[in-house]
Amino acid sequence: MGNWDSFSYGVSKWAPFRDREVGEWIRMIRREDITKHENPDFNIEVVPDDDFAFRRVNDIFARIKQSDDENKQLVLILPQPHPQYIKVAYLINKFRVNCRNLYTFNMDEWADENGNTAPETWPNGFMYAMKNNFFKNVDPDLRPPEDHIQGPTSQNVEHYGKMMEDLGGVDVCYGGIGWSGHVAFVEPGSPEFEGSLEEWKEMGTRIVTLSPFTIAQSCMDADYGMSGDWTWIPPKAVTIGPKEILGARLRSSWNSFTMAGTDISWQRFTVRFAAHGPITNKVPSTILQIGPTNMYISETVAANIKSDPERSCYA
């Protein structure tokens, strides 16, 4: 038997959070303990993999239908890109739900090295995805007005948060957790988000430099060919900030990332850290613990962390 204590080392300078003892504690959180949290406003639920997409689609659709039934305004922050929005559009059409009261704000958008955001005509852009996966599939008589569909750009970055405030604030901020621990593109270590934790919580929408972890995660996604082409990923983005995330009346976090449909997932560690680690701007998604937040984790992502030499890339 090998001895795990026979080799001691520090954590890479590229890692967002470098306390190795905390990392070891997070890694050992068991599946049966992952939903336990001391904050009653932070609700963690493990969802069967086969139900996960259905639950997320239903959650978004139900809120839109309720806003129509009650004739009440609904303001959502939505992540992109997500092909499941076409299923939300299907339900809207099927049940003839009028989206006149719906206002959506994209979480973020890609930007070049000079901070210029991608136009909505770029197929890998987030506004392109929002309109083509979602609203272009909603029947014209049911769609929200064009000016109800917003995304952050180089032009509106300075007042994007105020656009939400002018509507009375955001009802639900949807999203998921990135490999770096980001939520939206609120990146750990970005010079644009430097400051104490309390200062950081008040930071709003801005142009940011992307983390190496985010570049790596993105270039493995199917959207980019799943081939690890880091030259295909823009170096910057515009993103909502912690201020907009914490300003929402509810945060709804959905986490089910696996590698190409296998049970291999880089999200197992990061989601555990977001849910149970110390609240820190070094792992931005830990602010979800402040609540009110509903965090959903697929059964595969919630599974215990363990090595599997038989399934090594070198096998």
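Within segment 194-240, being assigned to a helix (DSSP H, G or I) and under 20 Å from residue 80 (Cα atoms) holds for 212, 213, 214, 215, 216, 217, 218, 222, 223, 224, 230, 232. Take the conditions (1) out of contact with any helix residue (DSSP H, G or I) (no Cβ under 6 Å at 6 or more places or on another chain); (2) under 25 Å from residue 241 (Cα atoms); residue 152 misses just one of them, which is (1). Among the residues of segment 212-231, those identified as in contact (Cβ under 8 Å) with a residue 60 or more places away in the chain and surrounded by fewer than 20 Cβ atoms within 10 Å (Cβ to Cβ) are 212, 223, 224. Here segment 277-306 is the region considered, the condition is being surrounded by 20 or more Cβ atoms within 10 Å (Cβ to Cβ) and among the small types (Gly, Ala, Ser), and the residue that is nearest to residue 241 (Cα to Cα) is 285.
Of all residues in segment 266-308, those satisfying the criterion of being closer than 20 Å to residue 173 by Cα and not in a helix (DSSP H, G or I) are 279, 280, 281, 283, 291, 292, 293, 294, 295, 296, 297, 298.
Among the criteria (1) surrounded by fewer than 22 Cβ atoms within 10 Å (Cβ to Cβ); (2) farther than 30 Å from residue 165 by Cβ, the one residue 249 does not fulfil is (2). Every test in (1) more than 18 Å from residue 15 (Cβ to Cβ); (2) at pLDDT 95 or above; (3) not acidic (Asp, Glu) is passed by residue 219 save one, and that test is (2). With respect to the conditions (1) crowded, with 17+ Cβ neighbours inside 10 Å; (2) closer than 19 Å to residue 283 by Cα, residue 47 lacks only one, and its number is (2).
The values are calculated or read from the model by the stated rules, or taken from the named source; none is laboratory data. Only a predicted model underlies this, so the values are computations on that prediction, with no experimental measurement involved. Cβ coordinates were reconstructed from backbone atoms using ideal geometry, including for glycine residues, and neighbour counts include every protein chain displayed.
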